[in-house]
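Visitor: This is the structure I have questions about; it appears just below.
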Amino acid sequence: MAQCLPRWWRLLMLSVVICTLSACISSPTSLIPLPARNQASSSGSAARGIHLIKHVIIIFQENRSFDSYFGTYPGADGIPMQNGVPTVCVPDPGTGQCVKPYLDHYDRNNGGPHNAAASAVDINGGKMDGFITEAERGKRGVDEQYYQKAGRSKQRCTDPTNPACTYGTQIDVMGYHDQSDIPNYWAYAQHFVLQDHMFESVHSWSFPSHLFLISGWSAGCSNPDDPMSCQSALMPKNRKVAGTIADGQQAQATSSTPFAWTDLTYLLHRYGVSWVWYLDHGSGQALSGRTKGVPIIWNVLPGFTDVHQDNQMGNIQDLTSYFVAAKAGTLPAVSWILPDAQDSEHPPNLVSTGQSYVTRIINAAMESPDWNSTAIFLAWDDWGGFYDHVTPPTVDSLGYGIRVPGLVISPYAKQGYIDHQTLSFDAYLKFIEDDFLNGQRLDPQTDGRPDSRPDVREDAPQLGNLINDFNFAQVPRPPLILPVHPQTTLIPPPATSNRYGKK
C-alpha cells in the first residue's frame, strides 16, 4: 500500500516521524514532563510584568517580631494604641502585674525563647499574652550573679542561638524600636513596600524556618535516600557535622544529608535557572553562632540530598562573591543571603550592626547594572520571643508562626505601599516559581521528584501573592542609596559588658 503512495508523500511522512522522535530524545524533561501551570498568568500582562524581574535576592535576618520593629509605623497593623498609648498589656507572672509595649532604644536586646513550645505559650490560644511568661522561664545567658541568686547554675546558656534562652537579666520582650532606632529599615518601607502580615512559615525556631525558606517544608526522614520517608516535624534533627551541640538545643541525625525531600534548587537546576546560596563570612564550623561564619542551624542547604545529587554544592558561596557579581552585573537569577551571628540581629547581637550589614547588601544591588531587573525580599526568620499582637492563621499542622517584618525593594515596587495580604516565606517560593519556572510548584504530583509532604504550601488558599507589591507599568525607580552607618537613637551596650551578659 505504501508503495502506491507518491514519493513526495512518503518523504513528508518520514520527515514528520524523524522530527517527532528527535523532539522526544532531545527534550531534557521527556522522562517526566514538566506541566505548564498557571497559563493564564504566564500569557497575560501580569506574567509579562513579573518577567521583568530577572534577579530575586532574599535577605534573611534573625529574630524580630513585626511589632518590635514596625509596631508604630503609620498605617500598618501595629501595636494597638489610643492617643499614642498602648491599649494592650501582657501579664507578668513575676510581679503579678502586666506590662504594656514600651519604646526600647537599647542596641542590644535579650529577647526570649522561640522554639515550638515557646511559640505555643506566646500565642496562648490566640490571646497573644504569653511572651513575658516564657521569657521568665527561659534559660539565661552567661550571668554568674543571676545564677548564684536563682540557684540555676545548670541552666546557663553559652550558645547565642539557643531557642530556649533569654539573654541577660532584664526581660525586654515587650520593648519595641521606632524610626529613630532603625531609620534605614523605615526608609525602605517609606519608599518601597512594607508587609504587615508576613508570618513565619512554621511556628518554631530558626532551623525549621530556614528549611521552609528553601523547600516549603520542615521534616524528619527515616531514610536520607528516600524522599517518601519524611514526616512533618516542628523540631527536626539537623545534619551530622563535626563539633558539639551547645545546650542540647537540638539533636543531630546520623547522616550529613538527612533532608531527603525536594527543595527549590532542584527545580531551578532542572530548568537551567542560576542560583547562589550566599554565606556571610562563609560556613561556620559550629551548630550555633559562637564561631565566625553562618551557623549550621541556618546553613541548611548542604543537608539536602538533591543538592549533592545535582552536583550543585559549588553554588554555596561566600558573601564576597555576591558583591563581585553585583558590581559586574552578573547576579544569578535567585540569591539567598544568610548572615553570621554578629550581623544577624539575633539577640544578643546588635541591631545597629545588622542594619549596617543589610544596608551594604542592598546598596550593592542598587548600584549594580542589574538594579533595573531586581527584586529584593527582606525578612526576619522568626519572632525571637518579642511581642506581637496578631494571632497567626492556621494553614496546616506546622504553621503559620508568629508575625515578622517583611519588605519588598525593587525599581518596580509600589512606593510607600503597605501590603496587608496574609503572607509567609512560602510566597517567595511562589514568586520565584511563577517568574522562572512557569508556575511549577514543589508538588510531589508534578515536580518529578515525589516526596511525602502533606500539602503544597505555595498553593495554600490563605497565601497572598507578592505580585501585588509591584507596578510593572511604572518607569523603573532610581536607587535609594542609604548611609551604612546612619545616625540613630540606639543606646550602645556598656564597654564592659560581654556578648551574652546583661544589657
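Readers should treat all values here as calculations from the given coordinates under stated rules, not as data from a laboratory. These figures come from a predicted structure and were not determined experimentally. Ideal geometry is used to build each Cβ from the backbone, glycine not excepted, and the neighbour counts take in all protein chains shown.
Visitor: Residue farthest toward the positive end of the dipole of the stretch 300-420, with Cβ of Lys/Arg at +1 and Asp/Glu at -1: which of Ser335, Gln355, Ile418?
Guide: The Cα lying farthest towards the positive end belongs to Ile418.
Visitor: Still on this structure, I have one more. Once you sort the root eigenvalues of the Cα gyration tensor of the stretch 390-461 as a ≥ b ≥ c, which label holds: rounded (a/c under 1.5), prolate (a/b larger than b/c) or oblate (the other case)?
Guide: Values: a/c = 3.24, a/b = 1.29, b/c = 2.50.
Oblate.
Visitor: Let me ask something else about it. Can you spot the aspartates and glutamates whose alpha carbon is less than 20 Å from Lys139's alpha carbon? Ignore those fewer than 8 places along the same chain.
Guide: Leaving aside aspartates and glutamates fewer than 8 places away in the same chain, those within reach of Lys139 are Glu62, Asp92, Asp122, Asp129, Asp159, Asp172, Asp247, Glu345, Asp382.
Visitor: While we're here: Mind jotting down the distance between the C-alpha centroids of the stretch 105-139 and the stretch 405-450, whole Å?
Guide: Here the two parts' Cα centres lie 29 Å apart.
Visitor: Mind running the shape call on the stretch 302-374? Use the C-alpha gyration tensor, a ≥ b ≥ c as the square roots of the eigenvalues: rounded below 1.5 for a/c, prolate if a/b tops b/c, oblate otherwise.
Guide: Cα axes put the stretch 302-374 in the oblate bin.
Visitor: Something else now. Using only the Cα atoms of the stretch 384-503, what semi-axes does the equivalent ellipsoid have when each is the square root of 5 times a gyration tensor eigenvalue? Give whole Å, largest first. Write out the running numbers ahead of the final one.
Guide: On the way: eigenvalues 224, 119, 42 Å².
So the equivalent ellipsoid measures 33, 24, 15 Å along its semi-axes.
Visitor: Related question: When a/c reaches 1.5 or more, the comparison of a/b and b/c decides; with that in mind, is the stretch 272-340 rounded, prolate or oblate per its Cα gyration tensor?
Guide: oblate
Visitor: Turning to a different aspect of this structure: So, how do all the Cα-to-Cα distances of the stretch 328-449 break down into 5 Å bins, in percent, from 0 on up?
Guide: Calculated P(r), rounded to whole percents: 2, 8, 15, 19, 20, 18, 12, 6, 1, 0.
Visitor: Treating only the Cβ atoms of Lys and Arg (+1) and Asp and Glu (-1) as charged, compute the dipole magnitude of the stretch 347-503 about its Cα centre; round to the nearest 20 debye.
Guide: 840 debye
Visitor: What do you get for Rg/Rh of the stretch 156-228 when both radii come from the Cα atoms and Rh is the Kirkwood radius?
Guide: Looking at the stretch 156-228, the ratio lands at 1.09.
Visitor: State to the nearest 20 debye the size of the charge dipole of the stretch 258-371 about its Cα centre, where the only charges are +1 on K and R beta carbons and -1 on D and E beta carbons.
Guide: With only Lys, Arg, Asp and Glu charged at Cβ, the dipole is about 100 debye.
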